[in-house]
1. Can you tell me the order of 309-321, 41-53 when each peptide is scored by its average per-residue count of other Cβ atoms within 10 angstrom, highest first?
2. Decide, for segment 255-306, between rounded, prolate and oblate: order the square roots of the alpha carbon gyration tensor eigenvalues as a ≥ b ≥ c, take rounded if a/c falls under 1.5, and otherwise choose prolate if a/b is larger than b/c, else oblate.
3. Please state the shape class of segment 218-327: rounded when a/c is under 1.5, otherwise prolate if a/b exceeds b/c and oblate if not, all from the C-alpha gyration tensor.
4. Could you rank the peptides 147-159, 117-129 by their average count of other C-beta atoms within 10 Å per residue, with the highest value first?
5. Add +1 for every Lys or Arg and -1 for every Asp or Glu among the other residues with Cβ under 12 Å from the Cβ of residue 48, and state the total.
6. What are the ³J(HN,Hα) couplings of segment 26-39, residue after residue, when phi is run through the Karplus curve with 6.51, -1.76, 1.60 and θ = phi - 60°? Round to Hz, x for glycine and proline.
7. Once a ≥ b ≥ c are taken as the square roots of the eigenvalues of the Cα gyration tensor of segment 273-366, is the result rounded (a/c under 1.5), prolate (a/b larger than b/c) or oblate (a/b not larger than b/c)?
8. Can you compute the FRET efficiency between residue 43 and residue 259 using 1/(1 + (r/R0)^6), with r the Cβ-Cβ distance and R0 = 30 Å? Round to the nearest 0.05.
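What follows draws every value from the coordinates through simple rules; no lab data is involved. Quick caveat, the model's predicted, so the values are computed rather than measured. Here Cβ is always computed from backbone atoms with ideal geometry, including for glycine, and neighbour counts include all displayed protein chains.
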Amino acid sequence: MNTLDPKSSSSSSAAAQGLALLAGGGTGGHVFPALVVAQEMRRRGWSVAFAGKAGGIEARLAEQADLAFHPIEARPLVGRGVVGKLRALWTTLRSAGSARALVRRLDARVVLGTGGYICAPAVLGAWLAGRPALLLEPNGRAGVANRWLSRWSKEVLVSWRSAEADFPTAVRCIGTPVRPDFFEVQPLRQEELEGREERRILILGGSQGAAELNRRLPPVIARLREAIPSLRVVHQCGERHAAAARSAYDDLGLGDEVEVIPFISDVAAAMANADLVLSRAGAITLAELCAAGRPALLLPLSVALGHQRDNAAALVEAEAAELVAAQESPEQLSQRALAWLTNASQLERRAAAARSLALPGAAAAAADRLEAWAGGSSAGLSEPPKRRRSAGPSTESQSSEIESTPEPASDGGVH
């Protein structure tokens, strides 16, 4: 891992007239952290724009966040044949030229890629335009796109120390940028849980839903409702899977008992109203679980190259979550969930363990790095707080000991 020295600066006003370009998309996990960083940059007086795929989730979310959106073209490289890879490479190179023109036209002082193949042209375009580009890697092990793009980036901001060795460029461990409202969720308390019969489950399949969870979990919920008639369930299923998910609950006679929602825009509020979360193990979802302090049974996506299992290791080690095996039956999973839901002290303990892994300073740390590479930063670069315990051997603490702030080289500013 390459390291550099800290850069000090006098005032955030030095960067107040600049524009930062953020790029990423395909899934909410590649967009939500960018929006959190954008909010922090705006708070510091920056202008922020977003680049991504036209019609993608990033276009809709950027519009909702009142960010100027600039469509760029790209094709996925992973999982394609030889012809598909050649087409993707050609599209990326051609789009990189367009992105270079965009960077220069916007006079972007710094570019941040937040994941997904769509950010490749923006990062390459920044490099071609002579502007610094940084990457954000929230997974316990780096994704394919970020590994490749790191060669054209000044620095990679990682959430877990286990990802540091995956990159040939400068790396800084900062945690995962999460919206402030997750940290405002009230903790689960044994006394409050024991004072009500009702229990609440939240099912999250990611921003696009998960067809497997939509098929697998309704029988589990049916068994749980037999044991806990007052059980309330909110199931986020994805736009494409809404009809199938509703049908699965209807077939079990639960159509009026389970709230099936295609997309949850306020996940923090949904977590605030949950005692237990059943979820995939995407990096952003896990960071949000920690920030909100909610225990979880995690069902990792088996085709995610092991990333979701790596991501989940920290929560499992802290006893904030448990992994659910793909072969686990509805009866087995319902019994496990029931044991959690009927033990208020265990729910409180696991919720507290989740929150102990939270790192609220990640957005500020990312903004610090963007400002530093752009040539100006706020007075006193902020450091995220230290964790209160190790996050486990396979996915180490996000920031048990923050490294020195790298100093941008002389060619890191605007050209």
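1. In descending order of packing, they fall as 309-321, 41-53.
2. On the way: a/c = 1.86, a/b = 1.30, b/c = 1.43.
Because a/c hits 1.5 or more and a/b fails to exceed b/c, segment 255-306 counts as oblate.
3. Cα axes put segment 218-327 in the prolate bin.
4. The most tightly packed comes first, giving 117-129, 147-159.
5. Every neighbour counted, the sum reads +2.
6. Here the 3J(HN,Hα) series is x, 9, x, x, 8, 10, 4, x, 4, 5, 5, 5, 4, 4 Hz.
7. oblate
8. Numbers: r = 34 Å, r/R0 = 1.14.
Result of the calculation: an efficiency of 0.30.
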